[in-house]
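Please treat every number below as a calculation from the coordinates, not as lab data. Keep in mind that what you see is a predicted model, and the values were worked out from it rather than measured. For neighbour counting, all protein chains shown are included, and Cβ atoms are generated from backbone atoms with ideal geometry for every residue, glycine included.
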Amino acid sequence: LSSPIENPGHEFFTCVEFSPSTGCLVTGGTDGSLWVWFPHKTAYCVHVLEGHVITVTHIVYNHLDKVLISLSEDKNVRVWSEGDWLCRQSFQVHGMTQAPISSVCYNSHNSELFLANTVIRKCLGRGTDVFQSMLRSHNKPLCSALYSSIFKLVVSVCQNGVVTVWDILTGKAILQFKVTPDQHVGLTAMSFDGPQCRVIIISQDGKVRLWNFNNGTELAVLLVTVPKEVTGIVCRNRLFVSGRNSKVIFYLDLNNRNHRFFKHKYLKDISSVDVHNNSLVAASSNETIVIWNADTAKALCCLNTSMSPETQMTAKAAQGQRSLKPSVVSLVYPLCVLLVWPASIYVPLCGCVCHLLGQLVLLRQFSLLYFEFPDLLF
């Protein structure tokens, strides 16, 4: 074999690999280039693949994905597609010692690449496959993907409103169906119901639809309209939905019997929601977090670390759909401490409090003391 290409840097070959599908030989050299040969057709080099900047030490072939994997002395791994001979992926191997790579082993069935010097390192493999071309599952950007641990299925939905169901064990699509009208394409929110028997879809028309994802059948449409841009969707027996630029969390009954909502004046809008046991947690873009009892719709507490590191407990009147007021506990507790002091200490201290907190706060505190503890003041 010889090459018509003048390349003084390619002094000699350092490695070679054979592709049985095309019958070509791929060689690596000291200049970092890979040469492609078809010895049954011509004695000359047909393609030169450039990318490595130092000696290529190893080449392995993946007959399933039709790609070649090359490794150079600087621990740079490159993946080349067979046929068009383009570099599809390049990455550095980390977590190994400075010693040269002495051995390379590749398992094409699991896409696992093992490198060894003084340590053994797996660079590619099932679950960490950085070179495998992405499966084009949808013709529009993906909006959401869910995994059903019961049925061992992955359910994905795109902006075109197309749902695809995948078998997680084989990686193959087993069902595809459309869940939104053509005139309402866009961001689509999705969640399983509690038992993971149905998938809940919210499209750009604000409608909440329930689907059987095992056969692609629409089961129900809830009699409610929610915001178009959904920022949070959680289902725990009942469905909680929040939207962009909205202070309202919809508390929906999947049986269409009783729909409620949560609202709080401290929330500018709701960027995220989640449910833990019987507690509903909502986070706002103004750094406020409000926690409700999901069963009783009562607000429990409010947090905003930019204003105070302490948890603000809610007043009894501030429940459910009603907005929260500043914590009464924070006003009453300092007075309860003051009441146990002698009058000789209490009076001058009140003067200091008046100076620090202002006339309005002090008058409010004394009014509370007057009605609840008149004997201690007079």
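Tabulated data for the structure shown
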item	result
Mean Cβ count within 10 Å, highest first, over the residues of peptides 224-230, 56-62, 295-301	56-62, 224-230, 295-301
Over region 135-225, volume per residue of the alpha carbon convex hull, in Å³	83
Förster radius 41 Å - calculated FRET efficiency between N139 and N245 (Cβ-Cβ, nearest 0.05)	0.90
Interchain or long-range residues, amide H under 5 Å from C143's placed H	V157, C158, Q159
Gain on full stretching of the segment that runs from N286 to L64 - 0.36 nm per residue minus C-alpha separation	74.8 nm
For L300, distant residues with modelled amide H under 5 Å away	I291, W292, N293
Cross-link table K207/K265; K263/K298; K178/K207, entries beyond 19 Å C-alpha to C-alpha	K207/K265
Potential lengthening between L187 and F12 on full extension [0.36 nm per residue; Cα-Cα distance subtracted]	57.4 nm
Chymotrypsin sites (Phe, Trp or Tyr not before Pro) restricted to DSSP loop in region 131-231 with at most 16 other C-beta within 10 Å	F151
Förster-model FRET efficiency, 41 Å R0, H276 and S108, C-beta, rounded to 0.05	0.40
